[in-house]
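Taking it in order: structure first as structure tokens, then the write-up.
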Amino acid sequence: MNEPGVQSLFDQETVMARIESGAFPDWAREQFEAFHASMVEKRGGEPFPCYFGVESERNGDALYTFVESTTHPDALFALRENLVEYLDVFEEFSDRCSLVTFFKPPEEELSERGYHERLWHILQFLHVHDPEPWPEDIPTDPDTEFWEFSFGGEPMFPTCRAPFYEERMSRFCPLGLEITFQPRTLFEGITADTEAGQQARETIQQRIEDYDGVCPHADIGDWGVEGDREWHQYMLSADESQAPDECPIEISREHPKAPVPERWREGRA
């Protein structure tokens with residue numbers, strides 16, 4: 001963790017120190033500063049809706065990584081290695097340790113459809129090169145209430161922000177794609193089947209409405225609740241015609257699905 005270069009796993013203190021020293025490229029600095037400000041500052045007097053995320057950022061509970069491309073294999077293998085490392089350390093790092101992933105902005109502006117395609121390309125790449133088998137208790141069919149993206153044996157919720165949102169500012173990132181990976185274990189005690197989880201959901205939904213100025217998205221639901229589908233929630237649609245109708249990922253229990261290049265088996269390119 002905190003190795004030289006931008007494609008590493010970082011804690012908040014190290015990110016801020018390297019930004020201060022000028023060690024990060026402009027795009028990485030701008031991505032992090034926009035994210036940090038959106039978490040700790042208010043918009044129109046309203047705080048960011050997810051108070052768990054706000055407290056995590058204020059307390060330095062999260063880890064971060066920066067990815068130099070949404071499509072180049074070397075960049076995505078680096079993400080794979082950092083996600084593996086994150087899963088090894090997150091439980092000891094903090095109780096609310098998510099992995100915030102910033103992607104270098106594309107050279108040409110992408111449409112909403114383009115961002116959906118990039119997200120699912122990334123998740124498919126991670127699945128194909130997953131070091132662990134797909135969890136036995138997670139279905140392979142995304143069209144079920146108990147499906148959820150998994151990696152390294154861990155079911156997780158990857159939630160995205162992107163530049164194409166004009167109304168849902170809680171999902172807006174001004175520069176490029178941003179994915180926050182949150183293992184299911186971070187939600188223990190606050191899932192939909194608990195009183196604390198129901199209260200958290202109601203509070204967050206009200207804060208979303210206050211922050212965005214529009215009703216919470218129709219696709220927002222809960223894992224394991226009949227009729228809800230988690231994959232829709234990873235990148236909420238702004239224009240339904242730009243979003244996929246079916247989950248664009250193929251999940252297989254076959255393992256391993258693809259060999260990892262020798263140089264990546266040693267940990268770094």
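Quick one: count up the residues across the stretch 98-118 that are in contact with a strand residue (DSSP E or B) (Cβ under 6 Å, 6 or more places away or on another chain) and either among the acidic types (Asp, Glu) or not in a strand (DSSP E or B) (or both).
Going through the stretch 98-118 one residue at a time, the tally reaches 2.
Between 184, 201, which is among the charged types (D, E, K, R), within 30 Å of residue 92 (Cβ to Cβ), out of contact with any helix residue (DSSP H, G or I) (no Cβ under 9 Å at 6 or more places or on another chain) and modelled with pLDDT of 80 or more?
Residue meeting the stated conditions: 184.
Against the conditions (1) surrounded by fewer than 16 Cβ atoms within 10 Å (Cβ to Cβ); (2) modelled with pLDDT under 90, where does residue 207 fall short? Just the number, please.
(1)
This table checks each residue for (1) at pLDDT 95 or above; (2) farther than 21 Å from residue 121 by Cβ.
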| site | (1), (2) |
| --- | --- |
| 15 | yes, yes |
| 23 | no, yes |
| 38 | no, yes |
| 49 | no, yes |
| 53 | no, yes |
| 57 | no, yes |
| 60 | no, yes |
| 83 | yes, no |
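Which condition breaks for residue 82 when tested against (1) crowded, with 18+ Cβ neighbours inside 10 Å; (2) assigned to a loop (DSSP other than H, G, I, E, B)?
Residue 82 satisfies every listed condition except (2).
Please go through (1) surrounded by 16 or more Cβ atoms within 10 Å (Cβ to Cβ); (2) more than 18 Å from the chain's Cα centre (by Cα); (3) in contact (Cβ under 8 Å) with a residue 40 or more places away in the chain for residue 13 and return the number of the only condition it doesn't satisfy.
All conditions pass for residue 13, except number (1).
Give all pairs with beta carbons closer than 6 Å in which a residue from the stretch 242-263 that is at positive phi and at pLDDT 95 or above meets a residue that is surrounded by 11 or more Cβ atoms within 10 Å (Cβ to Cβ) and in a loop (DSSP other than H, G, I, E, B); count only pairs at least 6 apart in sequence or on separate chains.
Once the first residue is at positive phi and at pLDDT 95 or above and sits in the stretch 242-263, no partner that is surrounded by 11 or more Cβ atoms within 10 Å (Cβ to Cβ) and in a loop (DSSP other than H, G, I, E, B) comes close enough.
The values are calculated or read from the model by the stated rules, or taken from the named source; none is laboratory data. Note that the structure is a prediction, hence the values are computed from the model and not measured. Positions of Cβ are generated from backbone atoms using ideal geometry, with glycine treated the same way; all protein chains shown enter the neighbour counts.
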